[in-house]
Amino acid sequence: MLPGGRNWWRGSIGYEIYIRSFFDSDGDGMGDLCGISAKLDVLDTLGVDVVWITPFYPSPGKDQGYDVSDYVDVDPAFGTLADFDHLVARATELGMRVFVDIVPNHSSDEHPWFQAAIADVDSPYRQYYIFRDAAPDGGPPNNWVSHFGGPAWTLDPAGTGKYYCHLFLPEQPDLNWANPAVLEEFREILTFWCKRGVDGFRIDVAHGLTKDPQFRDNPQVRPVTPGMHPKDVFASYQHVHDLHRPETTKIFEEWRRIVQPYDAVLLGEMDVRNIERFTEYVDGKGLDAGFVLKLSASNWEAATILSDLMTYVRAAHGGAAWALSNHDQPRAISRFGVGEIGVRRAMAVTALMIALDGITFVYQGEELGLPDAVLTGVAMDPVSTRNDGAAGRDVARGPLPWDSSKLNGFTTAPHTWLDTAPLPAALTVAEQIDDPASTWARYRSMMELRRRLPALWSEPLEIFDRQATSLVLFRGPLTIIANLDDKPFEFIPEGEYLVEFESQPGAAGGDGGPLRIDAESTVIIRRRAD
Ligand code: NOJ
């Protein structure tokens, strides 16, 4: 059981559950809330403190649930509110906490607010969204682009000639956070879930809520060419007017007041490139922590990974959610080099992340060493389906392999919602859970360490040695040696020590001389008590 108080989450282990692909309890090919409840004990054994569950609200599913049409209910595909209550009760029995995913930047176009806004131009709901006059040539009001391709503006279905703003799909109209009524709606929504017992919120697109009041063009940094991936088009602009606005921090100060009586944690999904802005967000008045998203998208560039980690350590003051993977990027193991090498590198970085203050997240399947899924059917991600098959996010979203039965024991249905190639027995939970040498077992010992040795994340951090691709940190009696280099690294510990963790079996060697850390490995040692 984690300690109480506002900062209970510091030093904890989080686990992202991508609900569609976690476990299907009712045989429709899609994961659900009862499926999560049924498997929570496995996560408890693994050592998870907090589960973050991706959206399960009623939704047309145009962006796999990130298009919400009712913020205070459960989509029948995922169960009922009673199933949610049962999940929270089961988590409480196990001493685990539950975070839900809240989507405040946009709703679904099928949300009654948007339907009212386009049915009647005089409706107060019109002000819940962002409608703007067309440019003089009749085109979109400015040069903002959608993350998923095309302009961030679509013509008002009410036929006014105006446009409405959507930083994602046209079916995901952006809410107007300049209108205080929107905050009032979210006051009720946040309170609803707090009262149902949630311990925190993962806030989708937390960096996007407020927009430039003058709706100025974003500066363009490079030309956009036909056929460019939407991600590259998006990166061709500096997002100073549609994202990362200073006004957003004020909104989260209000959110803090709302959730304060329930001690709920506010954890922002913030693709923040401006590091000072990250600090402003997590300064304790607004959000508790923000995801360090850069690491979830990087390839194996050891020096960059280390310098990013240290930059965020300095900026976050403990308010960081560390994660190597999530449902929006190819899996770390595939980004880092498929197979054993990918697992080795992911373990080395994760072992360093558990030695940092904040909350460390594992994305479902990472603990099994899963590579990207091989898709065998139609793509489901709008990034692919709406951009001529462009590389999308489905590869990270394959069903979790529970065992070697049909469809890896994920479902009894003839198909899963996303068809993927079956995974070998060696990558399943059933095979790994009892094998002390498995990736799963090594993740379990890593998580156990964070709980057993709180000095690992709470004692003052001293950087003893910092090279481009290696790092030695002191934390009270502990020394963390992260060697992300492709050659071994030597370190002379002071006095006698115990090896507490090796990201690779046998990574710490040296036969009594200097400690020799294998390439691409992290080792944690503890000074022997005098
Ligand atoms: C971030 C979510 O993680 C992603 O899956 C979603 O498509 C966008 N936000 C839009 O809600």
If we ask which residues in the stretch 167-177 are farther than 14 Å from VAL68 by Cβ and either touching a residue at least 60 places away in the same chain (Cβ under 8 Å) or within 16 Å of the ligand (Cβ to nearest atom) (or both), their number turns out to be 3
Matching residues in the stretch 249-281 - criterion: being closer than 24 Å to ASN326 by Cα, of a type in the set (Val, Ile, Thr) and either within 16 Å of the ligand (Cβ to nearest atom) or open to solvent by less than 10 Å² (accessible area, probe 1.4 Å) (or both): VAL265, VAL272
Got a sec? Which of VAL103, VAL88, VAL68, VAL72 is open to solvent by 10 Å² or more (accessible area, probe 1.4 Å) and either within 24 Å of VAL182 (Cα to Cα) or not assigned by TED's automatic domain parsing to the domain that holds GLY200 (or both)? VAL72
Taking the stretch 335-370 on its own, how many of its residues are small (Gly, Ala, Ser) and in contact (Cβ under 8 Å) with a residue 60 or more places away in the chain? 5
Test set (1) part of a strand (DSSP E or B); (2) at pLDDT below 95 - ARG245 fails condition number: (1)
Of all residues in the stretch 483-511, which are part of a strand (DSSP E or B) and open to solvent by 20 Å² or more (accessible area, probe 1.4 Å)? PHE489, GLU490, TYR497, LEU498, VAL499, GLU500, GLU502, ALA508, GLY509
Restricting the stretch 158-185 to residues that are outside any loop (DSSP other than H, G, I, E, B) and touching a helix residue (DSSP H, G or I) at 6+ places or on another chain (Cβ under 9 Å), which is surrounded by the fewest Cβ atoms within 10 Å (Cβ to Cβ)? ALA181
Lone unmet requirement of (1) in contact with a Ser or Thr (Cβ under 6 Å, 6 or more places away or on another chain); (2) open to solvent by less than 20 Å² (accessible area, probe 1.4 Å); (3) not assigned by TED's automatic domain parsing to the domain that holds GLY510 for ALA421: (2)
Within the stretch 20-30, is even one residue touching a strand residue (DSSP E or B) at 6+ places or on another chain (Cβ under 8 Å), at pLDDT 95 or above and in the same structural domain as PHE291 (by TED's automatic domain parsing)? no
Scanning the stretch 9-21 residue by residue, those within 19 Å of PRO58 (Cβ to Cβ) and either among the β-branched types (Val, Ile, Thr) or open to solvent by less than 10 Å² (accessible area, probe 1.4 Å) (or both) turn out to be ILE17, TYR18, ILE19
Filter the stretch 203-234 for residues that are among the small types (Gly, Ala, Ser) and within 16 Å of the ligand (Cβ to nearest atom); the one that is farthest from ASN7 (Cα to Cα) is GLY208
Given the residues ASP419, ASP372, which is the only one that is away from the ligand (no atom under 15 Å from the Cβ) and more than 25 Å from GLY27 (Cβ to Cβ)? ASP372
Output the number of the condition that LEU155 fails; it satisfies all remaining conditions of (1) open to solvent by less than 20 Å² (accessible area, probe 1.4 Å); (2) touching a Lys or Arg at 6+ places or on another chain (Cβ under 8 Å); (3) more than 25 Å from GLN329 (Cα to Cα); (4) not assigned by TED's automatic domain parsing to the domain that holds SER69. (1)
Which of the residues that make up the stretch 135-149 are touching a helix residue (DSSP H, G or I) at 6+ places or on another chain (Cβ under 8 Å) and away from the ligand (no atom under 13 Å from the Cβ)? VAL145
Meets criteria (away from the ligand (no atom under 16 Å from the Cβ), open to solvent by 40 Å² or more (accessible area, probe 1.4 Å) and either under 27 Å from PHE168 (Cα atoms) or outside any strand (DSSP E or B) (or both)) for ALA82: yes
Within the stretch 425-463, residues open to solvent by less than 70 Å² (accessible area, probe 1.4 Å) and part of a loop (DSSP other than H, G, I, E, B) come out as THR428, ILE433, ASP435, SER438, LEU453, PRO454
Going by the conditions given, is GLU188 surrounded by fewer than 19 Cβ atoms within 10 Å (Cβ to Cβ) and either outside the structural domain of VAL233 (by TED's automatic domain parsing) or assigned to a loop (DSSP other than H, G, I, E, B) (or both)? no
Answer from PRO382, PRO330 - the residue that is touching a Lys or Arg at 6+ places or on another chain (Cβ under 8 Å) and closer than 30 Å to PHE168 by Cα: PRO382
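The values are calculated or read from the model by the stated rules, or taken from the named source; none is laboratory data. In this text, all values refer to a predicted model and were calculated from it rather than measured experimentally. Neighbour counts run over all protein chains shown; Cβ positions are idealised from the backbone, glycine included. Accessible surface areas use protein heavy atoms only, side chains included; no ligands, DNA or RNA. Shrake-Rupley method; radii C 1.70, N 1.55, O 1.52, S 1.80 Å.
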